[in-house]
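Let me begin by presenting the structure, written as structure tokens, before commenting on it.
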Amino acid sequence: MKALSLFSLLAALTLGAAPNSGLKPVWEDDFNAKEIDPKKWNVGGGARIVDGKLQIEITPKEKAGFWNGSNVNSSGKFMHPQGYFEASIRAIQSKGRGAVNFGIRNQDMSKVPSAALNFSFSGADKVEPWLSIVDEGGSHNLVPKDKVIAMDGGKSYKKFLTYALHWTDKEYRWYVEGRLVHKMIRPIPSAPMFIEFNQWLPEGGLLKDFMNPKLGPEPLQVDWVKVFKIP
């Protein structure tokens, strides 16, 4: 991925109320049903609801040592224009084996401009904001060149935190626990975006030297998702 030279690092976390303070969500899911709501979500792979949590699971293939990733998205079922998208997530320690993401994106990424913005959880206490943007110059994957989110030595992977993506008419913003942690000024699309969660594995699903290859990675868990229309 391409390292950013501008807007790559906030000197400190910006404290204060998140943009949704005092607003009611225009769309939400608390995953308290027995099954994933097919009116809200498309499901790929082994995603399911367990104890009131959405679980994005890794499931075994027929061949020992190989695994399938999974994903959930709202493409074609819930699409929203500029606003504030947040989710309560317990991230996982994937130890560099594949990727775990929470993001929003335009359905047609061939249009100029179009965008996808995400939180990427890759383990080792690393949470990274990134933006995939299609502009007049082509397609670009933009990530900070420095660590921008001060986490807590791995403890964040053991509890639920609120991660939010704010898409305005001027810029893109990333929040953790209501704190602004990163922002970018890039071309802004007008088409609505859908929500996605995924966990995928490289090398066709083969896991080498994983913490426990017989069990595979633990699931990404999502407690709830909310979307706010920002005035």
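If a residue must be farther than 20 Å from residue 231 by Cβ, within 16 Å of the chain's Cα centre (by Cα) and buried (at least 17 other Cβ atoms within 10 Å of the Cβ), how many such residues does the range 162-181 contain?
So the count comes out to 5.
Would you check if there is a residue in the range 128-136 being assigned to a loop (DSSP other than H, G, I, E, B) and either at positive phi or at pLDDT 75 or above (or both)?
Checking the range 128-136: at least one residue is assigned to a loop (DSSP other than H, G, I, E, B) and either at positive phi or at pLDDT 75 or above (or both).
Select from the range 49-70 the residues that are closer than 20 Å to residue 160 by Cβ, buried (at least 18 other Cβ atoms within 10 Å of the Cβ) and not hydrophobic (A, V, I, L, M, F, W, C) and list them in ascending order.
Hits for the range 49-70 are 53, 55, 57, 70.
Among the residues of the range 182-214, which ones are buried (at least 20 other Cβ atoms within 10 Å of the Cβ), in contact with a Phe, Trp or Tyr (Cβ under 7 Å, 6 or more places away or on another chain) and at pLDDT below 90?
Matches in the range 182-214: 201, 207.
Filtering the range 89-102 down to residues that are under 11 Å from residue 119 (Cβ atoms) and crowded, with 23+ Cβ neighbours inside 10 Å, which residue is modelled with the highest pLDDT?
Restricting to residues being under 11 Å from residue 119 (Cβ atoms) and crowded, with 23+ Cβ neighbours inside 10 Å, the top hit is 102.
Which count do you get for residues in the range 69-80 that are part of a loop (DSSP other than H, G, I, E, B) and at pLDDT below 95?
Within the range 69-80, residues that are part of a loop (DSSP other than H, G, I, E, B) and at pLDDT below 95 number 1.
Which condition does residue 22 not pass, out of (1) at pLDDT 95 or above; (2) not in a strand (DSSP E or B), if it passes all the others?
So the condition that residue 22 fails would be (1).
Which is surrounded by fewer than 17 Cβ atoms within 10 Å (Cβ to Cβ) and either in contact with a strand residue (DSSP E or B) (Cβ under 6 Å, 6 or more places away or on another chain) or part of a strand (DSSP E or B) (or both), of 28, 86?
28 is the lone residue from the list that is surrounded by fewer than 17 Cβ atoms within 10 Å (Cβ to Cβ) and either in contact with a strand residue (DSSP E or B) (Cβ under 6 Å, 6 or more places away or on another chain) or part of a strand (DSSP E or B) (or both).
The values are calculated or read from the model by the stated rules, or taken from the named source; none is laboratory data. All values derive from a computational prediction rather than experimental measurement. Note that we place each Cβ from the backbone using ideal geometry, even for glycine, and neighbour counts take in every protein chain shown.
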